[in-house]
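The values are calculated or read from the model by the stated rules, or taken from the named source; none is laboratory data. Predicted, not measured: the structure shown is a model, and the values here were computed from it. Ideal geometry is used to build each Cβ from the backbone, glycine not excepted, and the neighbour counts take in all protein chains shown.
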Amino acid sequence: MSRNGPLKCYNCTDSRKETVVDSIEEKIKRVQAGEVYLFSDIIRLYQQRIYLYCFRLLNNKEEAEDAVQDIFIKAYQNIGHFESQVSFNSWLYRVSYNHCLNQLRRKKFQNQLRKLLRQDVTTKSAEQMVENQLFSESVTSALEKLSVEERNLLILRIFEDKSFAEISEILGKSTVTVRKRYERTRCKLREVIERKEKQLCVRTN
């Protein structure tokens with residue numbers, strides 16, 4: 001992290017500050033207590049995954065890189081408000097999503113959204129292998145029918161491999177609501193794809 005601001009202090013060194021910290025929760029407590037140099041460990045742990053998440057939402061390398069810096073600055077500035085009732089992972093993804101959503105709205109990246117889910121990914125489960133078939137070039141135009149919120153839900157579930165419980169924490173919605181929205185989004189996408197395939201068949205016959 002090279003941006004000017006509070007992150008500069010993370011490079012501070014002190015022989016008394018080399019104690020091994022076992023968990024992310026303990027690191028956060030110590031950062032909240034004033035040991036801000038430990039926030040650099042949090043950055044190293046989450047930087048790559050948050051970058052990939054932002055890249056999939058923004059579909060732009062430079063924008064994603066800038067977003068990651070802004071997100072960690074926001075996380076640092078607001079870590080005093082973090083409470084352990086919600087996992088830090090979910091809290092950080094919520095900060096990331098809100099930042100990217102605001103950026104998309106502010107810059108009106110509507111023409112970029114159609115490419116959002118066309119990134120190559122390595123699937124980790126049978127469900128992902130099935131779902132990934134939906135995100136080929138044949139459904140590019142269908143993706144225009146999805147809102148940013150619907151796209152985010154698919155990204156969290158398929159690409160980020162989040163459970164419905166984790167997604168509910170990130171979005172601040174109940175697990176039941178998240179499941180229903182996910183199923184509706186899948187059905188919506190499939191219906192659009194089927195209509196377009198029928199139209200294509202009519203044209204070619």
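Quick one: which residue in Arg105, Arg56 is at pLDDT below 90, out of contact with any Cys (no Cβ under 6 Å at 6 or more places or on another chain), under 15 Å from Ile170 (Cβ atoms) and part of a helix (DSSP H, G or I)? Walk me through it before giving the result.
Values: Arg105 fails: under 15 Å from Ile170 (Cβ atoms).
Going through Arg105, Arg56 in turn, the sole match is Arg56.
I'd like the residue in region 136-185 that is acidic (Asp, Glu), more than 18 Å from the chain's Cα centre (by Cα) and in a helix (DSSP H, G or I) and, out of all such residues, is modelled with the highest pLDDT.
Just the residues of region 136-185 that are acidic (Asp, Glu), to begin with: 137, 144, 149-150, 160-161, 166, 169, 183.
Those still in the list that are more than 18 Å from the chain's Cα centre (by Cα) too: 137, 144, 183.
Then drop every residue that is not in a helix (DSSP H, G or I), which leaves 137, 183.
Details: Glu137: 49, Glu183: 90.
Here the residue is Glu183.
Is at least one residue of region 31-53 assigned by TED's automatic domain parsing to the domain that holds Trp91, buried (at least 17 other Cβ atoms within 10 Å of the Cβ), under 15 Å from Leu101 (Cβ atoms) and in contact with a helix residue (DSSP H, G or I) (Cβ under 7 Å, 6 or more places away or on another chain)?
Yes: region 31-53 contains one or more residues that are assigned by TED's automatic domain parsing to the domain that holds Trp91, buried (at least 17 other Cβ atoms within 10 Å of the Cβ), under 15 Å from Leu101 (Cβ atoms) and in contact with a helix residue (DSSP H, G or I) (Cβ under 7 Å, 6 or more places away or on another chain).
Considering only residues that are more than 19 Å from Ala33 (Cα to Cα) and outside any helix (DSSP H, G or I), which ones fall in region 59-85?
In the first step, residues of region 59-85 are kept if they are more than 19 Å from Ala33 (Cα to Cα); the result is 59-71.
Of everything in region 59-85, those that are more than 19 Å from Ala33 (Cα to Cα) and outside any helix (DSSP H, G or I) turn out to be Asn59, Asn60.
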